[in-house]
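Working notes, structure below.
Readers should treat all values here as calculations from the given coordinates under stated rules, not as data from a laboratory. Just so it is clear, the model here is predicted, and its values are computed rather than measured. Positions of Cβ are backbone-derived with ideal geometry, glycine not excepted, and every protein chain shown enters the neighbour counts.
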Amino acid sequence: MTTQQQLQPIFILSEGSQRTTGKNAQRSNIMAAKAVAETVRTTLGPKGMDKMLVDSLGDVVITNDGVTILEEMSIEHPAAKMIVEVAKTQEDEVGDGTTTAVVLSGELLKQAEELIDREIHPTVIARGYRLAADKSQEILNSISEPISETDIATLQKIATTAMTGKGAEQAKDTLSRISVEAIRAISEKDGSRMLIDIENAKIEKKVGGRVEESELIQGIVLDKEKVHPGMPRVVKGAKVALLDAAIEVKNTEIETKIQVSDPAQMQAFIDMEEKMLRDKVEKVASAGANVVFCQKGIDDMAQHFMSKKGIYAARRVSKSDMEKLARATGSKIVTNLNDLTREDLGFAGVVEEVKVGNENMTYVRECKNPKSVTILIRGGTEHVVDEIKRAVEDALGDVAASLRIGKVVAGAGASEIELARGLRKFSESLSGREQLAVMAFAEAVEIIPRTLAENSGLDPIDIMTELKAAHDTGKKWAGINVFTGKIIDAWKDGVLEPLKIKTQAVSSASEVAIMILRIDDVIASAGKSGKGPEMPPGGPGGYGDM
Ligand code: ADP
Ligand code: MG
């Protein structure tokens, strides 16, 4: 090879691509992940703070729900996005514990960074983390306690724990009772397993009234009134048609112009329109429907015809509500009115218009599928009901997760301290660098109690020392009373959480940490648009300055 050939640079990437390799790539990824974790860390626990998020349109969301914060933040950095995915997985799998999962991911990476600084290779750390993650499942399982669906008091404590510190405080008794009732109503027993489809519990919000006035309704509640005052207020023995088609003549997509030269022609035109609408209503009536939920519009004249036939109708029902109605009533959603037959109809014992506050809502009760329930959330303002809804979603998720797995642990930092203890013991059976990695993992798990203490304005060092001392004397549920700063028996105090929250948080946090650790090369292509790589300002390390 000549010197000249050696100096010739070789381009294997297209122009505009960005590439970071080796330690730089690792560092910037770890930094980005830590930055995400740091953002939500202050919201952890009952004394965690809230975030106010303002989107580009000026809409405001106030929350301390991990996944909500991260979703609203529109995060760009690829590694940071991976952390957001952890929160989403946690949300999908359990419905709660999102902040815990994210904070743990960040801390696992922070601990790993220290090991990298001590010249331990990332793949060795990854291997140690994998061992620790597997062991964690075993330890958490062994410390958990069983629970059954008849243990209502315990289930309510789980629901209360999920909602503590989430603006649901003054109504937590009502809301935890409702959450447990809802889950019990929708759960089915299959041998020894509990089948629970959260989709069967709908949450409807209504601004106005007090949070304590929230209620559980067996059936579906729609934020819709009947379209015409002449329609019946109550329909018993409802035969429900679900239409994803407008009961209108106009086709809004095509604009038509009709020129009429003589009044008779005009009349004929109006008559024809009327006949078409009459025919449409006749279709509905002859199929045997006495209740119609329409995803699109219903023409004024059609409303009038329907009311004359004693049909109850609501229009512009959302797609998700249509789907819930289909499940609840056993009705099929029909997209072409001409196809509507008797077989497509569903059934509900009662369809009724009910006045809630100042507005009317439609209640669909005694459904064909009795497993459909709606939680109607009341509250002073939009922001309040939104946050209560998120709290109730967490409670539903936790109660469901407790019953599905049938196992519960105590919170308030107790299970994390116990887990860390177990991991340290396990590390003694290992040697060398893997042992260090497992110990780092144990250290990382302790970020949860430490953060709970910090967020409560307590001294984390004192609290951690006291906590560990209590666990050393065999008090496995010793946790933090975040209100008094005392060490308590979290189980006796009713701070209970499903085992699944912890096992899921540990497994997804360790998976993402391991994945990020194994990356030593970040290549961002320029993309077809030529707009440059999808990277934050300042390249892959852009978030590093946060
Ligand atoms: P996440 O999104 O992870 O669920 P939260 O803000 O809901 O975050 O906080 C959950 C943490 O708060 C858990 O570690 C849980 O054990 C703890 N926690 C909940 N209620 C209490 C309580 N009454 N006292 C102490 N800790 C609590
Ligand atoms: Mg929570």
### Task
Just order 232-241, 127-136 by mean Cβ neighbour count inside 10 Å, highest at the front, would you?
127-136, 232-241
### Task
Throw me the Rg/Rh for segment 1-125, computed over C-alpha atoms with Kirkwood Rh, two decimals.
1.15
### Query
Taking the alpha-carbon set of segment 183-238, what are its Rg and Dmax in Å?
16.1, 51
### Message
If packing is taken as the average number of other Cβ atoms within 10 Å across a peptide's residues, how do 318-326, 28-36 rank, most packed first?
### Response
28-36, 318-326
### Query
What does the convex hull of the Cα atoms of segment 88-199 come to per residue, in Å³, rounded to a whole number?
152
### Query
Can you give the Kirkwood hydrodynamic radius of segment 67-131 from its Cα pairs, in Å with one decimal?
12.9
### Message
Based on alpha-carbon centroids, what's the gap between segment 467-526 and segment 122-139 in Å, whole number please?
### Response
15
### Query
Rounded to a whole number of µm²/s, how large is the Stokes-Einstein D of the chain at 20 °C and 1.002 mPa s, given Rh as the Kirkwood radius over C-alpha pairs?
80
#### Entry: Hull shadow area, averaged, segment 317-403 [alpha-carbon convex hull, nm²]
7.6
### Message
Pairs of alpha-carbon atoms within less than 8 angstrom and 6+ residues apart define the contacts here; what relative contact order does segment 398-534 have, in percent?
### Response
30
### Dipole moment magnitude, nearest 20 debye, segment 391-533 about Cα centre, only Lys, Arg, Asp, Glu C-beta charged
380
### Query
Using Cα pairs under 8 angstrom and six or more residues apart, how large is the relative contact order of segment 69-142, in percent?
16
### Query
Got the relative contact order for the chain handy, in percent, Cα pairs under 8 Å and 6 or more residues apart?
28
### Task
Give, rounded to the nearest 20 debye, the magnitude of the charge dipole that the chain has about its Cα centre when Lys and Arg contribute +1 at Cβ and Asp and Glu contribute -1 at Cβ.
960
### Message
Could you give each residue of segment 210-222 its phi-based ³J(HN,Hα) in whole Hz, using Karplus coefficients 6.51, -1.76, 1.60 with θ = phi - 60°, and x for Gly or Pro?
### Response
9, 4, 4, 7, 4, 8, 9, 10, 6, x, 10, 10, 10
### Task
Quick one: what are the phi-derived ³J(HN,Hα) couplings along segment 168-174, Karplus 6.51/-1.76/1.60 with θ = phi - 60°, whole Hz, x for glycine and proline?
9, 3, 5, 10, 5, 5, 4
### Message
Give me, ordered by chain and number, the residues 5 or more places off Val207 or on other chains with an amide H under 5 Å from its own placed amide H.
### Response
none
### Query
So who's got an amide H within less than 5 Å of the one on Lys407, skipping anything under 5 residues away but keeping other chains? H placed 1.01 Å off N, in plane.
Ile147, Leu499
### Tail beyond 13 Å, pair distance distribution of segment 389-458 (Cα, percent)
72
## Note on the structure
Residue by residue through segment 475-481, the couplings from Karplus 6.51 cos²θ - 1.76 cosθ + 1.60 with θ = phi - 60°, in Hz, x for Gly and Pro, are 7, 6, 9, 5, x, 9, 7
### Query
How big is Rg to Rh over segment 421-471, alpha-carbon atoms, Rh as the Kirkwood inverse-mean-distance radius?
1.07
### Query
What is the spread of the Cα atoms of segment 332-456 along each of their three principal axes, largest first, in whole Å?
74, 38, 26
#### Entry: Ranked by how many other beta carbons lie within 10 Å on average, peptides 271-278, 340-347 from highest
340-347, 271-278
